[in-house]
Amino acid sequence: MPFGRVLALDVGKKRIGLAISDELGFTAQGLETLHRTRVREDLGALRQLATDRSVATFLIGRPLHMSGDESSQTKYTQEFAERLCNYTGIPVVYWDERLTSAEAERLLRDSGASFAEKKNSVDRLAAVLLLESYLGYLQHQKTPHREESLG
């Protein structure tokens, strides 16, 4: 786990879903969704959030087609992430976000959330799912693998 928190971003053209890890990298907590205005203002808001929360790494959802090929959104997201890294000096890690939005929508639908609740929560929940996936991967990497003997 990198020192400091991880801030996950589910980057869209109108909104950015946000989630942050605890200091130890065990849990993900959703934050208020950032409603996009201008790129410079968005970068400033994210830099302030990162400073306030001692963020060491940005985790950016990498939008891919189900085939694994890049989508038109992939380049847009990568350009935004590069600007964010240059603006803040905080490193960026890309993480496959396939199915996070669909899973977030399914979870909200199953919870009985209203249309307004779904609209306001889907980006945040997608960021939480993205971050949980990444944190799970990091924990798995730290766990020593034991060989099991048969017989």
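Quick note: the coordinates plus some simple rules give every number you see, no bench work behind them. Keep in mind the model is a prediction, meaning the values are calculated, not measured. Glycine gets a Cβ as well: all are built from the backbone with ideal geometry, and neighbour counts include every protein chain shown.
Can you give me the C-alpha center-to-center distance between region 121-138 and region 27-51, rounded to a whole angstrom? If you average the Cα positions of each part, the centres end up 16 Å apart.
Near T33, no amide H atom lies under 5 Å from its own; only residues 5 or more places off or on other chains count, and H is placed 1.01 Å from N. Using the Cβ-Cβ distance between Q48 and T27 with R0 = 25 Å, the FRET efficiency computed as 1/(1 + (r/R0)^6) comes to roughly 0.65. Exposure proxy ranking for Y137, Y94, based on other Cβ atoms within 10 angstrom of each Cβ and starting from the fewest, stands as Y137, Y94.
For A8, the residues whose modelled amide H falls within less than 5 Å of its own, excluding neighbours fewer than 5 places apart on the same chain, are A19, I20, S21, L59. Taking amide H positions as modeled 1.01 Å from N, with prolines and chain starts lacking one, the residues under 5 Å from S71 and 5 or more places away or on another chain are H65. Arranged from fewest to most other beta-carbon atoms within 10 Å of their beta carbon, S21, S71 become S71, S21. Cβ-to-Cβ counts within 10 Å put E32, E23 in ascending order as E32, E23, the fewest first. Residue by residue, region 20-28 carries 3J(HN,Hα) couplings of 10, 8, 6, 5, 8, x, 9, 10, 10 Hz when phi is fed to the Karplus relation 6.51 cos²θ - 1.76 cosθ + 1.60 (θ = phi - 60°); x denotes Gly or Pro.
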